[in-house]
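Please read the structure below before turning to the comments.
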């Protein structure tokens, strides 16, 4: 039994389609994809030339020819696609076949180029029933018109290729948009720096709130250290504002128009932290599919702030020490070092001398980091700043919550003043925001709007104070009773009364005056 030629033809067509689609899927660049589409279509249809035109995004009815395919050995001009033919194909979402360009009357502007071409196929490129463009093929008179098999193959290959082409175009647009965003960000950053210079905006500490003696001392040191580009170590408990001080130092320095980069060193994985700080080369580890510059290079010419430096692994500490000493960094996986010029500010809530004694922190790095040191006081040691911090938080919340009349009662402020604030200024900020949300629709924060842990601690302090007051009253009552009874026993003799009570004569007289007794004449 002889095989059916139609089945054999179908198998060959399927193999052809799989081969063409496979080639296209291996390519990401849009023009390359369209070149492959035209090359394969002209080959399987024996066309002389091919054209792909894409619908313009700015003007829906406009077509832009982006790819032509013709015999480069031929010096004649390439085929021009008919606007009326392309318009009909786009509007009807159908393939059109022209057997004779000179005699077909369906379209007004068909052109055989003085008989050079006879037959044409124009097929829409459809993605989810939306036409993104057209593909057109032409043949010379010697080859004759396109066949039905040619039309079927062109229709199938165009349909398969259109989605791949649309995805590639989308990726291209996204990449271009990302480049534009990065360029816009850089321009805005540069313009902001220029504007600050033109307006004469000088060094600023406006984000640091407080007028206490402790905070004034901190600001004085920060201002002085800003004039020198040596490293500064900022110490203090969590939430005391170490990053704010670092930013103020940078903003007040000669490097204020250069980058300020922040990195928290409390990362358990050494390789990840080193990759973040110093970058890595392609293939340095699993997932490193492209080169990464690292934060020290991003901060080139400016300042890098290493928060929680006390948590950095020892190997990373050695690399940081090398940067401070010689300005050299070595990206992960690289064979050569690179040079950077960066000011290093660092901060920690640990006692680094204790860490040195335990062997978890390098002593040589410690002395490099603390050329200058600023120790931030906890909020409980600068309670006079609490009202100012509360008012600053309220001023921000009035805008954020659209609550222009938001305020805090004197009772709530007194409660906040007496709390110990283990989380310092950051905790205070969060407590005020929570209370502002809880008190809505009221506009005044009362003690019962505050967090439970604040109530528990301040009530305990109040109860202790009450107990102490009651004890004092009981002691005073007992002292007065004993003085009265002893004076009666001694017939008012001061010396004998003082002797029996175990007091000096002057001590007894002082107590009698305090309790309102009338002193006998000497």
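The values are calculated or read from the model by the stated rules, or taken from the named source; none is laboratory data. If you're wondering where the values come from, they're calculated on a predicted model, not measured in any experiment. Positions of Cβ are backbone-derived with ideal geometry, glycine not excepted, and every protein chain shown enters the neighbour counts.
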* Any chance region 363-377 includes a residue that's at pLDDT below 85 and in the same structural domain as residue 230 (by TED's automatic domain parsing)? -> no
* To do: Might you check whether a residue that is free of Cβ contacts under 8 Å to residues at least 40 places away in the same chain and touching a strand residue (DSSP E or B) at 6+ places or on another chain (Cβ under 7 Å) occurs anywhere in region 266-276?
  => yes
* Asked: Does residue 127 satisfy the criteria of being at pLDDT 85 or above and buried (at least 23 other Cβ atoms within 10 Å of the Cβ)?
  -> no
* Asked: Taking residue 175, is it farther than 14 Å from residue 135 by Cβ and at pLDDT 75 or above?
  -> yes
* Taking interchain pairs and intrachain pairs at least six residues apart, which have beta carbon atoms under 6 angstrom, with the first residue in region 1-29 and farther than 17 Å from residue 155 by Cβ and the second in a helix (DSSP H, G or I) and modelled with pLDDT of 75 or more? -> 23/36; 27/33; 28/168
* Number of the condition not met by residue 507 [criteria: (1) exposed (fewer than 11 other Cβ atoms within 10 Å of the Cβ); (2) assigned to a helix (DSSP H, G or I)] -> (1)
* Selection from region 417-446 of residues that are without any contact (Cβ under 8 Å) to a residue 40 or more places away in the chain and either touching a strand residue (DSSP E or B) at 6+ places or on another chain (Cβ under 8 Å) or assigned by TED's automatic domain parsing to the domain that holds residue 244 (or both) -> 435, 439, 444, 445
* To do: Select from region 357-394 the residues that are out of contact with any helix residue (DSSP H, G or I) (no Cβ under 6 Å at 6 or more places or on another chain), outside any helix (DSSP H, G or I) and free of Cβ contacts under 8 Å to residues at least 60 places away in the same chain and list them in ascending order.
  => 359, 360
* Asked: If the Cβ limit is 6 Å and pairs must be 6+ apart or interchain, which residue in region 33-56 that is in the same structural domain as residue 137 (by TED's automatic domain parsing) pairs with which residue that is surrounded by fewer than 19 Cβ atoms within 10 Å (Cβ to Cβ) and in a helix (DSSP H, G or I)?
  -> 36/23
* Asked: Limited to region 114-142, what total is found for residues that are out of contact with any strand residue (DSSP E or B) (no Cβ under 8 Å at 6 or more places or on another chain) and either free of Cβ contacts under 8 Å to residues at least 12 places away in the same chain or part of a loop (DSSP other than H, G, I, E, B) (or both)?
  -> 6
